[in-house]
Amino acid sequence: MNPDAIIECVPNFSEGTDPAKVRQIVAAMQVEGVRLLDWSLDTAHNRSVVTIAGAPNAVVEAAVLAVGKASQLIDLTRQTGVHPRIGAADVVPFVPVSGISLAECAMFARQAGLQIWRRYGVPVYFYGAAAARPDRVLLEDVRRGQFEGLREAALKDAARRPDVGGPELHATAGASAVGARSFLIAYNIYLEPAPGAAQAPDVSVARSIARDIRASSGGMHGVKAIGVVAQGRAQVSMNITDYRVTSMQSVHAAVVQLAQRYGAQASDGELIGLIPDGAYEPESDWIRQIPGFDPADKVLERRLDAPMAWPEAAAI
């Protein structure tokens, strides 16, 4: 492996309403050789996303420590949210940035999964390029039933048991999906009334648009989408898994067109986490419709050169 290899990890945690808890989780990830690139709370989905990058072994250690801290602070039996989830540290993906392959990232994901179970007793499902079984390549298949459903299914159905640990899920922290993947862009578009419309579009419109564009329904390659209510507004919530084939501009244009078809209008967008430089289109409509977009903050390669300061872990 290249001694200068850099991998990214983008763990998602099932907490988006308590900044002190999320700050504690992020602070736990401070390991020598790891750069903090981004972290944010999504109150509408009750979820937080952190982006770190650095030397592979250091990034693995930071991710494992974050899962441990999340398992101490987040109780899924008292947590609800719009976004699907199976764990306090719900998903822990490793992404190749430079000098490393996806297959090597899968190896590091396997190492992280073993340490998560051994240190903290949180069972692990491997997904993506790290999947140990073909029926667990897709994250949505691993998450089927969410925490509440998986908690029961893992005990009754051998096919739903974790890859590491279990068969019981952790009583309050659930399980973590640990994997390796290429860059994923988390992008949401809000809907508003069409000109002259009497009322705002409801979630059924967002769900119809999501159904039409997602790849699993015969829509756009590399697009996953659901329709939700966020901040009291209908939203099309998307993951774009292959921006080189399906550009962000084409996704935005499709949502704009479909919104008009359903009697609504595409409004402001938002990015959760970072985008690679190859996806950045400075003069595009989709960039212009993200309030306050700053490439210095949201483009991965630029953040690598100017990482964020680590937060202090204030006592809760």
Here is a check on your reading of the model: is residue 21 touching an Asp or Glu at 6+ places or on another chain (Cβ under 9 Å) and basic (Lys, Arg)? yes
Candidates 94, 108 - the one that is within 16 Å of the chain's Cα centre (by Cα), crowded, with 21+ Cβ neighbours inside 10 Å, modelled with pLDDT of 95 or more and not aliphatic (A, V, I, L, M): 94
Flag for residue 32 being in contact (Cβ under 8 Å) with a residue 40 or more places away in the chain and farther than 17 Å from residue 170 by Cα: no
Please give the helices (runs of 4 or more DSSP H) falling wholly within region 215-316 in which 1 or more residues are in contact with a helix residue (DSSP H, G or I) (Cβ under 7 Å, 6 or more places away or on another chain) and among the aromatic types (Phe, Trp, Tyr). 285-288
Can you tell me which residues in region 112-160 are free of Cβ contacts under 8 Å to residues at least 24 places away in the same chain, charged (D, E, K, R) and more than 28 Å from residue 240 (Cβ to Cβ)? 118, 148, 151, 152, 156, 157, 160
Candidates 60, 31 - the one that is hydrophobic (A, V, I, L, M, F, W, C), in a helix (DSSP H, G or I) and under 30 Å from residue 99 (Cα atoms): 60
State the number of residues belonging to region 165-182 that are in contact with a strand residue (DSSP E or B) (Cβ under 6 Å, 6 or more places away or on another chain), under 20 Å from residue 97 (Cβ atoms) and of a type outside the set (A, V, I, L, M). 2
Among (1) basic (Lys, Arg); (2) modelled with pLDDT of 95 or more; (3) touching a Pro at 6+ places or on another chain (Cβ under 9 Å); (4) closer than 18 Å to residue 11 by Cβ, where does residue 161 come up short? (4)
Among the residues of region 1-14, write down those that are out of contact with any Pro (no Cβ under 9 Å at 6 or more places or on another chain) and closer than 22 Å to residue 275 by Cα. 4, 13, 14
Looking at residue 26, is it in a helix (DSSP H, G or I), within 18 Å of residue 306 (Cβ to Cβ) and in contact with a Phe, Trp or Tyr (Cβ under 9 Å, 6 or more places away or on another chain)? yes
How many residues, within region 149-174, are closer than 23 Å to residue 82 by Cβ and loosely packed, with under 15 Cβ neighbours inside 10 Å? 2
Would you confirm whether or not region 177-184 contains a residue that is closer than 18 Å to residue 256 by Cα and at pLDDT below 95? no
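The values are calculated or read from the model by the stated rules, or taken from the named source; none is laboratory data. None of these values were measured; they are calculated from a predicted model. Cβ coordinates were reconstructed from backbone atoms using ideal geometry, including for glycine residues, and neighbour counts include every protein chain displayed.
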